[in-house]
Each structure stands twice: as structure tokens, then as C-alpha cells.
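The values are calculated or read from the model by the stated rules, or taken from the named source; none is laboratory data. Note that the structure is predicted; figures quoted are calculated from it, not measured. Ideal geometry is used to build each Cβ from the backbone, glycine not excepted, and the neighbour counts take in all protein chains shown.
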DNA sequence: CCTACCTGATTGTAAGACAATCTTCCGTGA
DNA sequence: TCACGGAAGATTGTCTTACAATCAGGTAGG
């Protein structure tokens, strides 16, 4: 696990698709998120600054800056002077995440439906097209990122400045919830279908229909995950 | 502007009320937020890492960690290799902040109203009592923090894990919006009254009444602020 | 007057050092 | 044998110094 291209034979670990260069700090953050998405770093795993700095080939100050950000987002839990852990979420928290997400999604939807020009709906359509392009990509990280990008685009379509500011923390928690859900990552057909259902509902432009779809998409999925986790109390 | 108690005669700059010690990094963050609240740092003001480190009496790495966090929250805007600025918000963004806040507040209220035990409502009452204790404090920073603490407590009362994770970014934007509103800071009577009105509405336990109160409290205030800002486009 | 280059300002990153805090293990005493 | 205290190791928190990278502004030359 290193972010220096020269150590990996030319292709940086965050892949060839990033056009704008990213800072080392951001690259570290990307790499840690990927490791969580891929299950290489699991909820509860312990980490240290020195270990991460060494394996990522950067200095401790650089890794600290990335970790501070991940900590603030909620992906990493820091225990001063003791080390760090990949965050895990309890079943109750998974439900809370879903409840808040539906509320926030509906805030976005209200703004989209309020738009008489159709421009915001168009932005959602473009997000859907992007999603379809990558929904079946062989790389599970690309699939996950396509999923996140689609949901982010719904919020972006609302053109609400604060919603977008809240996205990174929300994204981190979506990632954590999905990291608990091993099966979700392995079923791109299902992932595509549930998003297609969402898109069908959005196109009706009927608020109640859309809300029911988001509840099904998010809350119901959360309850299924909680059932799957069964007796495993994750905290 | 320094965070070392020994340079200030014993009392740390963040005041004697902090019981748990805070890290230097956190103390730096607190100090910069206070300066923004007090208007000593104004929207658009330019800052440099070196300048802040010197005046706060800490090292550049420490200041960087604090600034990274403030940047992520939205209080500071960073321009790589050029310097930093106190964020300012446009009138449209002030409206967006208010719209999103009402939505989030109502998410919290829904969770509070759903609670049959009355425990969550009790938490709101305790938040109100705390607010009343400090609403007329002579220090405007204490007043502002009392205001933030009261609103945070409404979210805390929802016991929704993700809502609380979203609070710091929301708080930063409340602070920015209020920093634009010079008059709001100077009228603790009015501040107390508008929060008392909110509390009266919350106690009715009628969702529509509460929503109307939050709209009046947040959206209407935002529109008033936008009118006050008049022709001054802050972007 | 315009363009190019150089310099200054500032951030991004690193290395090494040490302080602070917490945990674990070992030794001693009861 | 158990409990307590102290020491050592692990890890973060903070600092200092240094240099690379990038951008903006000013000056000089054409």
C-alpha cells in the first residue's frame, strides 16, 4: 500500500482516471477510503500513524493531516496517545444514518421538484447516465464510487450550498454502512436495479412516490443489513 | 492573539470554563472561531499560516492541522500556495443554509416527537435552561456559543448519530451567516425572544406549528439578513 | 506597451527530535 | 499467590528546521 507511482510501476494507486493532480495528503485519504471499501481495512481494525506513513510512503505530518480529515468525517476513530481504529457502526447507527439520509435526500428532491426549468432534473439524469457507465465496472471500488457519485449528484442537483458541504460526512457514513454489508458489494446487478427503481420514481415527479422509493432504497436496505448482521453487535 | 496561558497571565484565551483540557490544535481552532464570531476576522480577510502561527504562539504544523479542519467545515477557504481567507457567503448561500437547516431541524423534531417516553423532549428543555443561563451574558462569544449549544441540543435530543456528525459543518455555517449579520450579535433581547418563541412552539408538540416556528426562526431571519445586506454582493 | 523572467510569498512535504499520555509487563512485598 | 507500583515501550502531540512546489507581482527589455 503505497501512493508513490514509481513504487508501483507508473500507475498511481488511485488510478489513472484522476485528471487534476491531488496533494499527497488527499492521495493518502483516497487510499485509506479505498482500503475500507475493499475490506482490506475492516471496521475495528487498529492503525498507527507510523505504520500508515511507512506503508503509504509519506511522512507522518502528511499522514496526520489525512487522518485528521478522515477522523472528522467519521471513517476513523482516534484515541489520543493510543492509536486509531477504523470506525464501525452499530445497528442503531446504521438506522440513524438511513433515517437522516432519507431526510436529506428529500430536501434535495424538494429543491429539484421546485425547479420549473427542468435544469435540476436534467442534472439528475446526467448523474444517472454516469452511474450506468460504471455500474458494472469490474473494479468494486469504481462501482462504489459510481454509487456515491450518483447520490452526490442528486444533492448537487438541488444546488443547495449547505447540502453539498454536508456530503463528505454523509459519504463517509454511507461507506461505513456499506463496509458492514459484504453482500452488497458483490451484487452489481442488484445495485443497478435498486438505483434504477429510484430513478423511475424520481422521473414520476410525485413527491410521495419518490419518498417511498428513497425509504425503500435506504431505510429498508438498512433494516435488511441489520437483520443480516443479526446477533453480531458491532459495538 | 495567543493561546498560551503563560503569555496571558494565567487564564487561557478560551476562557476558564473549559474543564477538559484541549489539544493545542483544538485551542487554535477555538480561537479562530472566536475571532470570526467577534468580527476580528471578517469574511474575506486574508490569512497566512505563518502569521497565525506567530500570533497564536504555536508551530506551523499545529496551525495547519487546525486550519485543515476549519477549511473542511467551511469557515476558511484555502487557496493552495496562495494563502487562506475567511469564508464569506453569498445571499443565495445564506438562503440555502437556512433551507437546509430547517429540513435538518425538522428531522430532529420528528425524532423528538416520535419519542413516547418524553425523554427527548426533556433533553430539549435542558438545552433551553442552559441557553437561558447564558443568553444575556456580557460576552458576545458566550452568547453565540449559548445559541449554538441550544440548537445543537435539539439535534442531540433526536439521538440521531448522523445528525450529530453533521453538526460541526452546520455550526460553521451558522457562524458564517451570523458573522454577516452584525446587528444580530448586538441584540441579546431579540435573540432570547426568538428562541423563546421557538421553545413555545416546540412545547405544543404540533409538527406544523413547530415547522412554522423554525421557518420563522431561520428562513425568515435569513431573508431579513439578505435584505439588510441589500446591494452588497458578498461574493 | 507587451512579454518574459526573476524574485518573493506562501503552502506542501519531509526528517528528526522530544514531550505527553497510556498500556503492559515485571518485580517486590505482603 | 496476588496486588500494587514503577518502569519501559508504544503511540500520539508538538516543535524546529529545511527545502520543494506553485503562484503572483514587479521589473526589464524589446
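Helices (runs of 4 or more DSSP H) fully within the range A:122-200 that include at least 2 residues being within 14 Å of another protein chain (Cβ to nearest Cβ): A:140-158, A:161-180.
Test residue B:30 against the stated conditions and say whether it is within 9 Å of chain A (Cβ to nearest Cβ) and under 21 Å from the mean Cα position of the chain (by Cα).
no
Output yes when any residue across the range B:206-217 is within 14 Å of chain A (Cβ to nearest Cβ) and buried (at least 18 other Cβ atoms within 10 Å of the Cβ), and no when none is. So far as the range B:206-217 goes, yes, one or more of its residues are within 14 Å of chain A (Cβ to nearest Cβ) and buried (at least 18 other Cβ atoms within 10 Å of the Cβ).
Residues of the range B:38-75 being at the interface with chain A (Cβ under 9 Å from one of its Cβ atoms), in a helix (DSSP H, G or I) and more than 13 Å from DNA strand D (Cβ to nearest atom), which ones? Talk me through it step by step, then tell me what you get.
Initially, the range B:38-75 is screened for residues at the interface with chain A (Cβ under 9 Å from one of its Cβ atoms), giving B:61, B:64-65, B:68-69, B:72-74.
When the remaining residues are screened for being in a helix (DSSP H, G or I), the result is B:61, B:64-65, B:68-69, B:72-73.
Result: B:72, B:73.
Cβ-Cβ under 6 Å, sequence separation 6+ or interchain: first residue in the range B:43-72 and closer than 21 Å to residue B:173 by Cβ and not assigned by TED's automatic domain parsing to the domain that holds residue B:179, partner near DNA strand C (Cβ under 8 Å from one of its atoms) and assigned to a helix (DSSP H, G or I). Which pairs? Filtered contacts from the range B:43-72: B:68/A:65.
The set of residues in the range A:81-116 being assigned to a helix (DSSP H, G or I), within 8 Å of chain B (Cβ to nearest Cβ) and crowded, with 20+ Cβ neighbours inside 10 Å consists of A:93, A:96, A:97, A:99, A:100, A:101, A:103, A:104, A:107, A:111. For the criterion of being in contact with a strand residue (DSSP E or B) (Cβ under 6 Å, 6 or more places away or on another chain) and either crowded, with 16+ Cβ neighbours inside 10 Å or within 14 Å of another protein chain (Cβ to nearest Cβ) (or both), residue A:78 passes.
With respect to the conditions (1) without any contact (Cβ under 8 Å) to a residue 24 or more places away in the chain; (2) over 30 Å from residue B:211 (Cα atoms), residue B:85 lacks only one, and its number is (1). Quick check on the range B:187-204. Is at least one of its residues farther than 28 Å from residue B:137 by Cβ and at pLDDT 90 or above? The answer is yes; a qualifying residue exists.
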